[in-house]
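For reference, the structure discussed in these notes is given below.
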Amino acid sequence: MKAKLMLWMAVMMMAACTPMPVATTPATSQERAALFEQLKPLEGYWNYYDAKGKWQGSGRIALTSGGSVLREVMFSGTPHEMTNLYHMDGNALVMTHYCASGNQPRLRLPTWHLTKPGEFDFRFASISNWTSGDEYMGRLQLAIADKDHASQTWTSYKNGKASAETFELRRQPPRARASEAAAPSCPAPPAAAASTTP
């Protein structure tokens, strides 16, 4: 009897230590329309250009996971290839950036932070596989001009200093594929970066 009681107690303790999921309230159709649905037209193949108009690489944006996730692959087929995953989390749009430096920052955009249609300002929420002092992406400003043009401004942080780099995205013509050298990995802070925190 004592052995059974101890076994029961051990099972109960293990159950109590098992992590449980935290339920979220699903986004309304209006919230999805204001956030995730605006990103869907970005599906396709893209070229990335820096602020000076120089080609930096190509990539692809596509829906996956039953249409609930938008996957962006930047600088495809190069050592600096990186992936971004966009999806809803309750009434917020989240983006996880799988950086070539090896860490994975998670950025978040709640519905009430929207400024106007086609403009998204993702802010830092959390990060995995990050070591103190390492650079990480802490902000993404995405602007969709039309079905063939968009821009991304990535802000990275290191030791309290911020550095921003903007890419212009132009949709590739049908059957066109870029063949030039790829862009560098996560941008390094410029010499005169502003001091701020995400």
Förster radius 45 Å - calculated FRET efficiency between K54 and T28 (Cβ-Cβ, nearest 0.05): 0.60
Env charge @ G59, Cβ radius under 9 Å, K,R +1 / D,E -1, value -1
Going through K52/K158; K116/K147; K40/K158 one by one, the pairs whose alpha carbons sit over 21 Å apart turn out to be K52/K158; K40/K158
Reachable aspartates and glutamates from K161, Cα under 18 Å, same-chain residues fewer than 8 places away excluded? D134, E135
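Read the figures in this text as sums done on the coordinates, not as results from a lab. Note that the structure is predicted; figures quoted are calculated from it, not measured. Backbone-built Cβ (ideal geometry, glycine too); neighbour counts: all protein chains shown.
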